Amino acid sequence: MPTWLAIPSARPVAEVEAWAARWHAQGYRIALWRDSEEVPGADYCIRGEYPGWPVASNRLIQAVLAADPLCDFVVCGGDDTNPDPSKTADEISAECGFHFGAVNGDPLARNTFGVMQPTGDRWGDDAYSRARWPDAPAMIDRICGSPWIGREFALRINGGKGPWWPEYRHNWADEELQCVAKSLGVLWQRRDLTHYHDHARRNGGKWQEHQRWFDADYTRMKPLFDQRKRDGFPGSQPL
C-alpha cells in the first residue's frame, strides 16, 4: 500500500530535492504545497498562496487520498524532518495496520482510524524537561509533529474537515492533534522509530528567513489552543 508524505514547503528547490530523495529512498511518495516553483522530485504538487500549515496539509491529504485509493496512511511534518532509516514505508504501514487492528475480523481489511507518531528523536530530553514532564521529556513526546495519519482518521476527524484544526496558522495544531487522538484512544507513540527533526534552531541555530514569524505565531495562537483544550476541543468529533 503506498504511503504518502504530504507537507507544505518553502525552502529552495535544490534543498528540497535532496530532502525528498531521502524519503523516496525509503519508499514514500511525496506531495508538496509550494507558493513558488515546483520541485522536480515531488510526485504531486499544489501551487498557490500559502494558507497556513494546517490548511495546506489538510488540502494535500484530501487530494492524495482522493487520487490514490490504495493509500492507507499519510505522513505529515516539515521539510526539515527525515524518514526513519531503519524501515521502509511499506514495513511501517504494515505494522500500523496490524496495530490498529482488522475490520470486522477481516485481516485484509485494515483499520486506519488511528495516528502513529515516531518518538525516537529525543531532542529536548534534558534535566529540565525530565523534571517538568517526567513522562514526556522530549519535544516529540508532547506533540504529533510528524505523524502517520490513517485514512479513516483523516477523512472523519474534526467533522470531516481534516486532521489538522484549520483555525491555527502554524503552531499548536500538532499538540491539538495529539490531544484529540489520545482522547479517542487511537494514538500510538513509537520510541523505536525516528523522524529526525533537523530544526533550524536545533543546536543553537537561528530561524531561516521564511520562519521568523513562527515565534509571534506561537504566542498569538496559544490562547486559541488553551480555550479549545478547556472546552474539550469542540468540533473535533469524527463523522
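Side notes on the structure shown:
- Selection within segment 152-193 - β-branched (V, I, T) and either touching a strand residue (DSSP E or B) at 6+ places or on another chain (Cβ under 7 Å) or closer than 19 Å to A56 by Cβ (or both): I157, V186
- Residue check for S93: under 16 Å from H195 (Cβ atoms), of a type in the set (S, T, Y) and in contact with an Asp or Glu (Cβ under 7 Å, 6 or more places away or on another chain): yes
- Qualifying residues in segment 117-138 (those that are touching a strand residue (DSSP E or B) at 6+ places or on another chain (Cβ under 9 Å) and surrounded by fewer than 17 Cβ atoms within 10 Å (Cβ to Cβ)) - the one farthest from Q189 (Cα to Cα): W123
- Among the residues making up segment 123-137, those that are outside any helix (DSSP H, G or I) and either touching a residue at least 60 places away in the same chain (Cβ under 8 Å) or not aromatic (F, W, Y) (or both) are W123, G124, D125, D126, P134, D135, A136, P137.
- Qualifying positions in segment 155-168 - over 22 Å from M221 (Cβ atoms) and within 16 Å of the chain's Cα centre (by Cα): L155
- Among the residues of segment 180-212, the ones that are within 14 Å of the chain's Cα centre (by Cα), in a loop (DSSP other than H, G, I, E, B) and either of a type in the set (F, W, Y) or modelled with pLDDT under 65 (or both) come to 1 in all.
- Scope segment 156-177; condition buried (at least 21 other Cβ atoms within 10 Å of the Cβ), at negative phi, not in a loop (DSSP other than H, G, I, E, B) and not β-branched (V, I, T); matching residues: A173, D174, E176, L177
- For segment 65-95, the set of residues classified as among the hydrophobic types (A, V, I, L, M, F, W, C), outside any loop (DSSP other than H, G, I, E, B) and buried (at least 23 other Cβ atoms within 10 Å of the Cβ) consists of F73, V74, V75, A89, I92, listed by residue number.
- Subset of segment 18-55 [of a type in the set (F, W, Y) and part of a strand (DSSP E or B)]: W33, Y44
The values are calculated or read from the model by the stated rules, or taken from the named source; none is laboratory data. Quick caveat: nothing in here was measured; it's all calculated off a predicted structure. A quick note on method: Cβ atoms are made from the backbone with ideal geometry, for glycine too, and the neighbour counts reach across all protein chains shown.
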